[in-house]
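The values are calculated or read from the model by the stated rules, or taken from the named source; none is laboratory data. Small disclaimer: the values here were computed from a predicted structure and weren't measured. Using ideal geometry, Cβ is built from the backbone for each residue, glycine included, and neighbour counts are taken over all protein chains shown.
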Amino acid sequence: MKIREQLKNITPIVIIALAATTALLSAVVLLGIESGVDLDNFTQDPTAVMNAPFYLGFFSNIGIILWCSSAAFCFLASAIVTGQGNEPLRPFLLSSGLITTMLMFDDFMLLHEEVFPVYAGIAENSVLLVYINLIIIYLIFFWRLILRTEFLLLGMAFACVGISKAVAFIPMPIPEDSFLEDAVKLYGIVAWFIYYTRLSYLEIIQQKILTHESENR
C-alpha cells in the first residue's frame with residue numbers, strides 16, 4: 001500500500017486516538033496535582049511502585065485478561081454477524097460485550113469494593129444490586145437465544161461467581177481464606193471466557209458460510 005494511501009486511511013483514527021490519550025494523560029496530571037499523588041503512581045506497574053514481587057495479583061490479572069478477551073470476541077462478532085430473520089444476534093453479542101466490559105472494569109478498578117464506596121459514597125451493596133439488575137435484564141431479553149447456545153457453560157460461570165460471593169461470608173479454617181473465594185471466581189471467569197469465545201467463533205464461521213453460499217447463488 002502506498003504511503004499516501006496509508007496516510008489518508010489512518011490519519012483520522014490516529015488523530016482521534018492521540019487526542020483521547022492526551023486528554024486522559026492531562027486528566028491524570030491534574031488529578032495528581034490536586035491530590036498530591038506522584039504521577040508515576042498512575043503510569044508505572046503496581047508491583048514496581050510497591051516494590052512487590054512480580055507474581056503479586058497474578059491470577060487476578062489472568063482473570064482481567066480473560067474478561068477483556070471475552071469482550072473483544074463479542075464486539076468482533078457483533079460487527080461481523082447479521083443473524084437470521086428476526087434473531088437478535090447482533091444486539092445479543094454487543095450486549096454481551098458491554099456486560100463483560102463492565103465486569104472487567106469492576107475487577108480491574110475495584111469499583112464496587114473501593115471506588116464507588118470510598119470516592120463516590122455509594123454503598124457496595126447498591127453497586128452490586130445495579131450489576132445484578134443489569135444482568136437480569138440482559139437474561140430476560142435474550143433467554144430464548146441463550147437456550148439455543150451452549151448455555152451450560154454460561155450457567156457454570158454464573159454459578160461459580162455466585163458461589164465465590166457466598167464463600168466470602170463463610171469462615172475458613174485457613175489464614176488465606178480469600179484464596180478459595182478467588183479460585184472459585186477464576187473458574188467462573190474461565191467458563192465465561194469459553195462460552196463467549198466459542199459462541200463468537202461459531203457465529204463468525206456460520207456468517208462466513210452464509211456469505212459464501214449467497215455469493216455462489
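Among residues that are outside the structural domain of ILE205 (by TED's automatic domain parsing), free of Cβ contacts under 8 Å to residues at least 24 places away in the same chain, surrounded by 11 or more Cβ atoms within 10 Å (Cβ to Cβ) and outside any loop (DSSP other than H, G, I, E, B), ALA27 is included.
Taking GLY57, is it on the phi > 0 side of the Ramachandran plot and among the small types (Gly, Ala, Ser)?
In short, yes.
Residues are listed down the side, and each one gets a yes or a no for (1) in contact with a Pro (Cβ under 7 Å, 6 or more places away or on another chain); (2) in the same structural domain as ASP45 (by TED's automatic domain parsing); (3) modelled with pLDDT of 95 or more; (4) of a type in the set (A, V, I, L, M):
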position	(1), (2), (3), (4)
LEU103	no, no, yes, yes
HIS112	no, no, no, no
PRO117	no, no, no, no
VAL127	no, no, no, yes
ARG148	no, no, no, no
LEU152	no, no, yes, yes
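Screening MET1 with (1) in a helix (DSSP H, G or I); (2) aliphatic (A, V, I, L, M); (3) farther than 30 Å from TYR119 by Cβ gives one miss only, at (1). Looking only at residues that are of a type in the set (A, V, I, L, M) and assigned to a helix (DSSP H, G or I) in the stretch 157-169, which one is surrounded by the fewest Cβ atoms within 10 Å (Cβ to Cβ)? Here the residue is ALA166. Go through the residues of the stretch 183-198 one by one and say whether even a single one is at pLDDT 90 or above, over 23 Å from TYR131 (Cα atoms), under 17 Å from the mean Cα position of the chain (by Cα) and assigned to a helix (DSSP H, G or I). Yes - at least one qualifying residue is present in the stretch 183-198.
Restricting the first member to the stretch 105-132 and to residues that are closer than 19 Å to SER60 by Cβ, and the second to residues that are of a type in the set (A, V, I, L, M) and surrounded by 14 or more Cβ atoms within 10 Å (Cβ to Cβ), the beta-carbon pairs closer than 6 Å and six or more apart or on different chains are ASP107/ILE64; PHE108/ILE64; MET109/VAL115; HIS112/VAL127; HIS112/LEU128; PHE116/ILE122; PHE116/VAL127.
Does ALA20 meet the test of being surrounded by fewer than 13 Cβ atoms within 10 Å (Cβ to Cβ), under 23 Å from the mean Cα position of the chain (by Cα), free of Cβ contacts under 8 Å to residues at least 12 places away in the same chain and within 29 Å of ASN133 (Cα to Cα)? The answer is no for ALA20.
Which is on the phi > 0 side of the Ramachandran plot and not assigned by TED's automatic domain parsing to the domain that holds LEU154, of GLY36, GLY32?
Criteria check complete, one pass: GLY36.
For the stretch 33-45, the criterion of a residue being surrounded by 14 or more Cβ atoms within 10 Å (Cβ to Cβ), modelled with pLDDT under 95 and of a type in the set (Phe, Trp, Tyr) is satisfied by at least one position.
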